[in-house]
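For reference, the structure discussed in these notes is given below.
The values are calculated or read from the model by the stated rules, or taken from the named source; none is laboratory data. None of the values given here were measured: they were computed from a predicted structure. With ideal geometry, Cβ positions are generated from the backbone for all residues, glycine too; neighbour counts draw on all protein chains shown.
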Amino acid sequence: MATPTWVVGGGGLLGGAVIRELERRGERVETSRVPWHDGDLARRVLFADAQRVIDSADGGPWRLVWCAGVGVNGTTADEFAAENAVVSDVLDEIARITRGRAAPGVVLHASSAGGVYAGSSGAPHTEDTDPVPLGDYGRAKLVAERLMHRFGADAGASVVVGRFANLYGPGQNLTKPQGLISHLCRGYLVSAPISIYVPMDTMRDYLFVTDAAEMVADALDLAQSRPGERVTKIFASGQSTTIGALLGACRTVFRRKPTVVLASSPLANVQSGDLRLRSTVWPELDRRSYRTLPAGIAATLEATRRSLGR
């Protein structure tokens, strides 16, 4: 019987790409429709879905990819606490369901490199870098990471905490104040200026979402072959780009200069100026070709054009 892989957060940028990649590989994928606006109702849905997925494994292994998270920089600490309370309760319920009746599972949690390393020094950051979050977003990510590792220790599950670089590509939620490349594409298509709140020499690692999804699928396979192992891994391209160079790449794709406005925002205080990343954990997952930035921008532009009906 095929191992079921439960993707929570499949409606998001990463979750949707992970579902498509797993299905492309012929994996058995389970998803959830979660009313995140109502914590109690979200718990009931997730508890029921956890029971369904574990039952479908029929005593065999199971896999969970947690890509959910409605919070961004600017979300309040209370909202993050409520979100992590749901995570904690779901993990407790999975531990209860699997205790004594199911093989150990694999859990991969999508965290944020930008959030946890925002105040860290000594870039490029590796998994050995001490995380120093500057805002509630990064602090909440670290809480969620600890919940995942604790669950792995208690339940005997393999756990991969993935600290992801700046993800971009088709499927970005443009109602959220994140995803600079998608917002630049939208601004180009609707002839609207895009506000930028950080200096032009700010450095970021941009990872195309389908590359990230392939890495997630490979990480699940590797974790399943290493029962009980718990790791934190950076998921990144290893190539850093300044905001100025990103605008230059957009100009090449758009064939005209993006219209941007340099503005100020209190959110700039929780952003790092240098987020170069380099993974030293499970390096075999990083030995792959990555989508180039111009190719990724072009794919994002075409997807944004379709979503706008242009």
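Data overview
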| quantity | calculated |
| --- | --- |
| Leu167 buried (at least 21 other Cβ atoms within 10 Å of the Cβ), touching a strand residue (DSSP E or B) at 6+ places or on another chain (Cβ under 7 Å) and within 20 Å of Ser264 (Cβ to Cβ) | no |
| Residue match in the range 223-235 (condition: in contact (Cβ under 8 Å) with a residue 40 or more places away in the chain, of a type in the set (S, T, N, Q) and farther than 17 Å from Val65 by Cβ) | no |
| Among residues of the range 21-49, those that are buried (at least 16 other Cβ atoms within 10 Å of the Cβ) and touching a residue at least 60 places away in the same chain (Cβ under 8 Å), counted | 3 |
| Only listed residue being under 26 Å from Val231 (Cβ atoms), among the hydrophobic types (A, V, I, L, M, F, W, C) and assigned to a helix (DSSP H, G or I), chosen from Leu64, Leu108, Leu14 | Leu14 |
| Count of residues meeting criterion [farther than 18 Å from Val198 by Cα, out of contact with any helix residue (DSSP H, G or I) (no Cβ under 7 Å at 6 or more places or on another chain) and among the hydrophobic types (A, V, I, L, M, F, W, C)] in the range 242-267 | 0 |
| Conditions (1) modelled with pLDDT under 95; (2) buried (at least 19 other Cβ atoms within 10 Å of the Cβ); (3) more than 23 Å from Glu127 (Cβ to Cβ); (4) not β-branched (Val, Ile, Thr): number failed by Ser272 | (3) |
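Yes or no, residue by residue, for (1) touching a residue at least 60 places away in the same chain (Cβ under 8 Å); (2) hydroxyl-bearing (Ser, Thr, Tyr); (3) at positive phi:
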{"position": "Leu134", "(1), (2), (3)": "yes, no, no"}
{"position": "Arg150", "(1), (2), (3)": "no, no, no"}
{"position": "Ala155", "(1), (2), (3)": "yes, no, no"}
{"position": "Pro177", "(1), (2), (3)": "yes, no, no"}
{"position": "Val190", "(1), (2), (3)": "yes, no, no"}
{"position": "Glu214", "(1), (2), (3)": "yes, no, no"}
{"position": "Ala217", "(1), (2), (3)": "yes, no, no"}
{"position": "Thr242", "(1), (2), (3)": "no, yes, no"}
